[in-house]
Amino acid sequence: MNVDKSQYNEQEIRTMFISPALNAKGWVVPTNMREEYYFTDGRVHVAGSHHSVAAGKKADYLLYHNGKPLAVVEAKDNNHALGAGIQQAMDYALILDLKFAYSSNGDGFLEHDFITGMERELKLDEFPTEDELYNRYLDSKDYTPEALKIVETPYYYDAYSHEPRYYQRIAVDRTVEAIATGRKRVLVVMATGTGKTFTAFQIIHRLHKSGAKKKILYLADRNILIDQTMVQDFKPFKKFMTKITSQGDGIPKIDSSYEVYMALYHQLVGKEGKPDPFLEVQKNFFDLIIVDECHRGSAKDDSAWRKVLEYFDSATQIGLTATPKAVDGANNLDYFGEPVYTYSLLQGINDGFLAPYRVTADFINIDLQGWTPEEGERDLLNQEIERKLYQRQNIGRDLAIKLRREVVARRITRMLHDIGRMTKTIVFCPDIEEAAEMRTLLVQMNADMCRKSPYYVTRIVGEDKEGKKQLDNFISVDEPYPVIVTTSELLSTGVDCKTCGLIVIDKEIGSMTEFKQIIGRGTRLRKDKNKWHLEILDFRNATKKFKDPDFDGDPEPPKGNHKSKEYTPPKEPSVVVSEPHKKYIINGQDIHIESELVSVLGEDGKTMRTESVKSFARKQIRRHFENLDSFIKKWSETDRKQAILDELKEYAILIDAVREKNEALRNADIFDIICHVAYDQPPLTRKERANNVKKRNYFGKYEGKAREVLEALLDKYAENGILDFEKADILEIPPFNQIGKPTKIIKLFGGPAGFEKAIKELEEQIYRAG
């Protein structure tokens, strides 16, 4: 019997034709197939104090072999051609690192084979089976039996573990495959906050479980990193994992009965003039070494880690880093080679796994102008000040200015009042002395909060043992205090503070590596703690590095004739700052913030935009609706106005943020806000629209309780807006529940159809011109 497939929508085509065809070939949920598989969370968009989440990327079908994804299938309704979905399927396959992509409209399948580059059409009953597809994949690999055993070793799963995200799976698979096929040094690049340690755990598990690696050394440079790892991601290794600790003689002892060893690199390296303790260990004792955060000197020719790696040169070595290149000879690409996989900060933001950032760059007048002392001028310590031009690079290191400190502390406090005074904050200062002074000022300016907890503001630096004791509390997602932490270097790398919502930069940032690591302290999303984005308050123009080609995504400044009263900072002075031998302290006078520039990561996920919320919304709305008529037509034809708002959110347009930034629109209808912002139409308030309806005597054709219901609905509109009409429980709240039960109210209009008609007519009256 011939079936007219054109009458069915996409979901019906899937249910009636595509899924049965796949099932007939052995592809069954959940054994080896997933339907509507979301592999990204959807990017978070931020405007003002509001946010929205875009839809995540979703594959209609994902096909597996023993947990390994093999192919993606995209479906379309039968009004589309057989291959209408193939480009989308190919895009998803490339993201997911798959070799096969398929499109179907219910008549058959179009296959794209990335191994051969060929495409072919298949009938519904010609789709390959799991064995056929997996064997085609294996034929392209030419694994030895030993290598095949390693790459087919499954991931670790238990009742408490989570499924790897798609990029973590790719990083693990590529690393395991590289090692299985003989590679000795492997580099994996993953942005801070994307789960490098969990990725390392799965790599170790699969190599260990397969028998390929038996003695494994995990190296890091800080105790907290080792301790976090052992009790969190590496917990399943508990029975055969140990932390290497130094004995009384300073030499670490290694118990050979364990299989996974956690160590600090400086434990294995001798202090100056003394032999290296790692020489006490046989060169071939370890067969796998993983170096966490390998950008921090481990690949430098004369570094301590490099000595350890070269001594155990028979071991396979894996480097994990957020920054694949460094300067001053510490280029980890030279040592490990090109990365087997890279997942960047901007990829993480665009996928919705990392928090987007908003930058507030403040330019202080004395930083821009510099300062020169008078001949023979003395500082507050009665030191004669060396006569030279002190520039921003010197301030805080060679020259401390008390009034400038106050300006910075005051701006930090004001920002916390704006974004929430319990927002966990890291303030990066030029040195530990400046960190102490900044702490004192912030305590004074936030005395009301410090009365609630003496740890509201805390300095955490290497030399301050009491402050360091608070580090665990600061990084805990459940401990509210400390809230503000001042530091110099300690928190710039490695420390996992998931709820950090504000990073303040008031120190010179020398390298791209350091900049990325500092930003990485705050790029984690914690939706359960209401952390949706990262605020960056920059007093040193460090965020200019977002525009540097070495920063992933290569952000560019706004294009075109962007007119703004905002300050454009001057070029950085090309001076070489020598190490300070003496520090001067002065009061300073007439110091203030000269200008402020606020920018956010653009909708393309690459450029930083500084235009206003209103002008951005205008551009995006007009891109989506060419003219006023096309928007009004869409508004009139759409039964649920929420659907239009959801559609606009996909373009990062947040109507509430536009209303928040424009006082004249505070009480305007959503419809009026859009028409005003995008098409320059004069806005009406909701109350004005409601009064216009009343003036027309529209309610004259109704009487009694029916009229009372419609008048109450109009009052609700005037108070809250049109979206109240779409609430499922609208008739269950006052004043409607005082008129009668929902079923009784609907009967007043002759039933559901009559009630819906009355609501539709009321909407038309509300938006009627004149």
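The values are calculated or read from the model by the stated rules, or taken from the named source; none is laboratory data. Just so we're clear, the structure is a prediction, and the values are computed from it rather than from any experiment. Because the Cβ atoms are built from the backbone with ideal geometry, glycine has one as well, and the counts that use them run over all protein chains shown. Accessible surface is based on the protein model in full, side chains and every heavy atom, while ligands, DNA and RNA are left aside. Shrake-Rupley method; radii C 1.70, N 1.55, O 1.52, S 1.80 Å.
So what does log10 I(q)/I(0) come out to for segment 641-770 at q = 0.10, 0.11, 0.13 Å⁻¹, using the Debye formula with one equal point on every Cα and no solvent?
-0.35, -0.43, -0.59
Using θ = phi - 60° and the Karplus relation 6.51 cos²θ - 1.76 cosθ + 1.60, list the HN-Hα couplings for segment 448-460 in order, rounded to whole Hz, with x at every Gly or Pro.
4, 6, 5, 5, 6, 8, x, 9, 3, 10, 9, 8, 10
In segment 51-126, if the dipole is taken from +1 on Lys/Arg beta carbons and -1 on Asp/Glu beta carbons about the Cα centre, which of 105, 93, 115 is farthest to the positive end?
93
From largest to smallest, what semi-axes in whole angstrom does the chain give when each is the square root of 5 times an eigenvalue of its alpha carbon gyration tensor?
50, 42, 23
Under a Cβ-Cβ cut-off of 13 Å, what is the net charge of the residues other than residue 529 that fall near it, where Lys and Arg count +1 and Asp and Glu count -1?
+3
Percent antiparallel among DSSP beta bridges with both residues in the chain, to the nearest 5?
So the antiparallel bridges in the chain amount to around 40 percent.
Run the helix sum for the chain: -39,500 (n - 2.57) per DSSP H stretch of 4+ residues, divided by residue count, reported at 222 nm to the nearest 500 deg cm²/dmol.
Counting only the DSSP helices, I get -9500 deg cm²/dmol.
Tell me, what % of the accessible area of segment 1-141 is carbon and sulfur with a 1.4 angstrom probe?
Carbon and sulfur: 47 percent of the exposed surface of segment 1-141.
Å³ per residue of the Cα convex hull, for segment 1-63?
Taking only Cα atoms, segment 1-63 has a hull volume of 100 Å³ per residue.
Given N residues in segment 325-447, what is Rg(Cα) / (2.2 N^0.38 Å)?
Output field value: 1.48.
Mind jotting down a quarter of the surface of the convex hull over the alpha carbons of segment 1-114, in square nanometres, one decimal?
Computed as one quarter of the Cα hull surface, the answer is 8.8 nm².
For segment 661-752, with all protein chains present and a 1.4 Å probe, just round the carbon and sulfur fraction of the accessible area to a whole percent.
Heavy-atom surface of segment 661-752 belonging to carbon and sulfur, 1.4 Å probe: 49 percent.
In whole Hz, with x marking every Gly and Pro, tabulate ³J(HN,Hα) for segment 223-237 from phi via Karplus 6.51 cos²θ - 1.76 cosθ + 1.60, θ = phi - 60°.
4, 5, 5, 5, 5, 4, 5, 5, 8, 10, 5, 8, 3, x, 7
Please report, in cubic angstrom per residue, the volume enclosed by the convex hull of the alpha-carbon atoms of segment 112-258.
It comes to 170 Å³ per residue, whole-number rounded.
Tally Lys/Arg at +1 and Asp/Glu at -1 over every other residue whose Cβ is under 14 Å from the Cβ of residue 166; what's the total?
Here the charged neighbours net out to +1.
Could you order peptides 208-215, 397-404 by the average number of other Cβ atoms within 10 Å of their residues, highest first?
Highest-to-lowest ranking by the protection proxy: 397-404, 208-215.
Using a 1.4 Å probe, what is the accessible area per residue for the chain, in Å²?
Each residue of the chain exposes 47 Å² on average to a 1.4 Å probe.
Which distance in nm do the two modelled labels at residue 767 and residue 452 give, with both placed 7 Å along the Cα-to-Cβ direction?
4.3 nm
Around residue 208, under 11 Å between beta carbons, what's the net of Lys plus Arg minus Asp minus Glu among the other residues?
Working: positive: 206, 209, 213, 214, 215; negative: 259, 287.
Combined, the nearby Lys, Arg, Asp and Glu give +3.
Which of 58/529; 196/235; 516/544; 196/498; 209/238; 58/99 have a Cα-Cα distance over 20 Å?
Working: 58/529 26 Å; 196/235 15 Å; 516/544 12 Å; 196/498 14 Å; 209/238 15 Å; 58/99 18 Å.
Where the Cα-Cα span goes over 20 Å, the pairs concerned are 58/529.
Residue 636 versus residue 129, label points 7 Å from Cα toward the beta carbon: distance in nm?
Distance between the two pseudo-spin positions: 5.9 nm.
Treating the beta-carbon of each Lys and Arg as +1 and of each Asp and Glu as -1, no other charges, what is the dipole magnitude of segment 11-84 about its Cα centre, to the nearest 20 debye? Show your work: numbers first, answer last.
On the way: 8 positive and 7 negative charges, 44 e Å.
Roughly 220 debye for segment 11-84.
Just the number, please: carbon plus sulfur as a percent of the accessible area of segment 155-228, 1.4 Å probe, no ligands or DNA/RNA counted.
The nonpolar share, carbon plus sulfur, comes to 50 percent.
Give the calculated FRET efficiency between residue 97 and residue 697 to the nearest 0.05, with a Förster radius of 51 Å applied to their Cβ-Cβ distance.
On the way: r = 66 Å, r/R0 = 1.29.
Plugging the Cβ-Cβ distance into 1/(1 + (r/R0)^6) gives 0.20.
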